[in-house]
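These notes concern the structure reproduced below.
The values are calculated or read from the model by the stated rules, or taken from the named source; none is laboratory data. As the structure is a prediction and not an experimental result, all values here were calculated from the model. Cβ atoms come from the backbone with ideal geometry, glycine included; neighbour counts cover every protein chain shown. To get the accessible areas, we keep the full protein, side chains included, count just its heavy atoms, and leave off ligands, DNA and RNA. Shrake-Rupley method; radii C 1.70, N 1.55, O 1.52, S 1.80 Å.
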Amino acid sequence: PASGPIGVRWMPGNQILATFGTGEVGLIDVATKTWVWKTSGYNGDWFQSPYDAEILPDGNLAVAMRYNNGGRISVYDRATGTEVWKHYLSNAHSVHFRTAEQSYATDDPTLLVGGWGNIREVAYRTNGGQNVTWQVRSEYTHDAIVVEDDRILTTEGYYIQKIDRAGTQLWRRNTPDEDRR
């Protein structure tokens, strides 16, 4: 259902960062089942199907939105609502922060993002400029995470796969029930 959560992330302090098809993104206290904070967008730019979100080490909020501009990952200063970074990706579904030490082919921190047709690492610089440091073609990426030996595990809607950085499929498991995360 559109009202249920489509992305959840366990956070310190027994809290969950959740995204909802209705447009809300927020932090929920598990014990009290109440919002610590929530937003549906900033400065008149409302979230359209936010699939994933992450609170970055600098306190900014990264949101992968499937329908805004055909797919966009935006990072917001939560205090002011100012968009400090954005990257367009068709049907954006996932976002994961990677430190400079974890990042591939760059000395900058990156955001590992996934959507329809591509998985990318994009330099995260709020002072301007961004560049794709790595990318590989995909089908319907719902999520992508880096696992051992810098390989990527992806969920593609109707299958899960492990690929290397060249995009070579190391294994694939079909998921007929369309496991998405």
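The table that follows gives values for the structure above.
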quantity: Ranked order, Tyr104, Tyr124 - accessible area, probe 1.4 Å, largest first; calculated: Tyr104, Tyr124
quantity: Residue-wise HN-Hα coupling along region 161-170, computed from phi with Karplus coefficients 6.51, -1.76, 1.60 (Hz; x: Gly, Pro); calculated: 9, 10, 10, 9, 5, 7, x, 6, 6, 8
quantity: Residues with amide H under 5 Å from that of Ile6, placed H, sequence gap 5 or more; calculated: Thr19, Phe20, Gly21
quantity: Within the accessible area of region 43-108 (1.4 Å probe), percent carbon and sulfur; calculated: 44 percent
quantity: Residues Lys33 and Ile145, FRET efficiency given R0 of 45 Å [Cβ-Cβ distance, rounded to 0.05]; calculated: 0.95
quantity: Inter-centroid distance (Cα atoms) of region 49-125 relative to region 134-181, Å; calculated: 18 Å
quantity: In order through region 20-26: 3J(HN,Hα) via Karplus (6.51 cos²θ - 1.76 cosθ + 1.60), integer Hz, x for Gly, Pro; calculated: 10, x, 7, x, 7, 9, x
quantity: Whole-Hz ³J(HN,Hα) from phi, Karplus 6.51 cos²θ - 1.76 cosθ + 1.60, for region 86-95, glycine and proline x; calculated: 8, 8, 8, 8, 3, 6, 3, 10, 9, 8
quantity: Computed accessible area, Arg180, all protein chains, 1.4 angstrom probe, square angstrom; calculated: 90 Å²
quantity: Qualifying aspartates and glutamates (Cα of each under 15 Å from Cα of Lys38; at least 8 residues distant if same chain); calculated: Glu24, Asp29, Asp52, Glu54, Asp77
quantity: Heavy-atom surface of region 55-160, accessible at 1.4 Å and reported per residue (Å²); calculated: 40 Å²
quantity: For Glu139, residues with placed amide H under 5 Å, excluding near neighbours; calculated: Gly117
